Amino acid sequence: GAVVSQHPSRVICKSGTSVKIECRSLDFQATTMFWYRQFPKQSLMLMATSNEGSKATYEQGVEKDKFLINHASLTLSTLTVTSAHPEDSSFYICSASLSGTEAFFGQGTRLTVV
Amino acid sequence: AQSVSQHNHHVILSEAASLELGCNYSYGGTVNLFWYVQYPGQHLQLLLKYFSGDPLVKGIKGFEAEFIKSKFSFNLRKPSVQWSDTAEYFCAVNARGNKLVFGAGTILRVKS
C-alpha cells in the first residue's frame, strides 16, 4: 500500500513555543490530507482537511489560528501547533487520501507540552 | 451529522474463540465503510473496506465484515482469533467527500 510518513514521532516542547509536524506521502500524490487528534482511550477526532494549494477546512471547535495547516505540495502537509499549552498534549495523526477513497495513515506524533 | 458507534470498548477473548465487533453508523446516504486496526506501537492499517457490491467483504488476516444496509451496520468478524490479533480496531465511515469519521475504537486482547 501507499506510504505516509509523519515526522517527528515524538516531541516535547515548552509551554508557549510552537511545534511543526510534517506529513509526507512518499510514493503517491495526495490531493487531500487530513489531520486527526487522538486523546487517550478515545477515537480519532478529525481536526481539519487540507487540500493542496488552498486553505484548510477546519472542523467545528478547532481553532485555525492555533493549529496552522499548510499543504504546499501534493506530497507534503504541515501542522503547526502555535503557542502550545499542556492541554495541547496529544497524539496527532495525519492521513493522505489516494483517489478520494482509501486513506493511508502516518505513524502519528506524540506531542507533550511541559 | 455522521456518527459511528462501536458497541464494545474492551473485548477479551481466548485464542481460537470467534470474534464479532459491532459497528453502526448514522447517515442516510451512500457510504463507504472501513475497518482499521492499530497494533501496539504501529500505524493505523486498513483491514478491509466496503464501497459497493457484495455486502460480505473479506479483508486481510482472515477478517471479514458484513454490510447490512437496513441496520446501518458493518460488523467485523473473525472465526478464530490469534494472540497476534491483539490490537485496537476502529470502524470508520466516509460519506461526504473524503472525510472519515471514526468510531471510538475497540481494544481486543487475545489471551494465549
For A:PHE34: the one exception among (1) over 19 Å from B:VAL93 (Cβ atoms); (2) not β-branched (Val, Ile, Thr); (3) not in a loop (DSSP other than H, G, I, E, B):
(1)
Can you pull out the residues in the range B:23-46 that are buried (at least 16 other Cβ atoms within 10 Å of the Cβ) and either more than 14 Å from chain A (Cβ to nearest Cβ) or under 18 Å from B:ILE68 (Cβ atoms) (or both)?
B:CYS23, B:ASN24, B:TYR25, B:TYR27, B:VAL31, B:ASN32, B:LEU33, B:PHE34, B:TRP35
Taking the range B:47-93 and keeping only residues that are part of a strand (DSSP E or B), farther than 19 Å from B:LEU13 by Cβ, out of contact with any Phe, Trp or Tyr (no Cβ under 6 Å at 6 or more places or on another chain) and not acidic (Asp, Glu), one is left with B:LEU56, B:LYS58, B:ILE68, B:SER73
A:LEU46 meets each of (1) of a type outside the set (Ser, Thr, Tyr); (2) more than 10 Å from the chain's Cα centre (by Cα); (3) at pLDDT below 95 with one exception, condition (2)
Might you check whether a residue that is surrounded by 21 or more Cβ atoms within 10 Å (Cβ to Cβ) and either farther than 13 Å from A:LYS20 by Cα or over 13 Å from the mean Cα position of the chain (by Cα) (or both) occurs anywhere in the range A:78-87?
yes
Could you figure out which of (1) in a strand (DSSP E or B); (2) under 22 Å from A:GLU59 (Cα atoms) isn't true of B:GLY28?
(1)
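The values are calculated or read from the model by the stated rules, or taken from the named source; none is laboratory data. Since we're looking at a predicted model, the values are computed, not measured. When we count neighbours, we look across all protein chains shown, and the Cβ atoms used for this are built from the backbone with ideal geometry, even at glycine.
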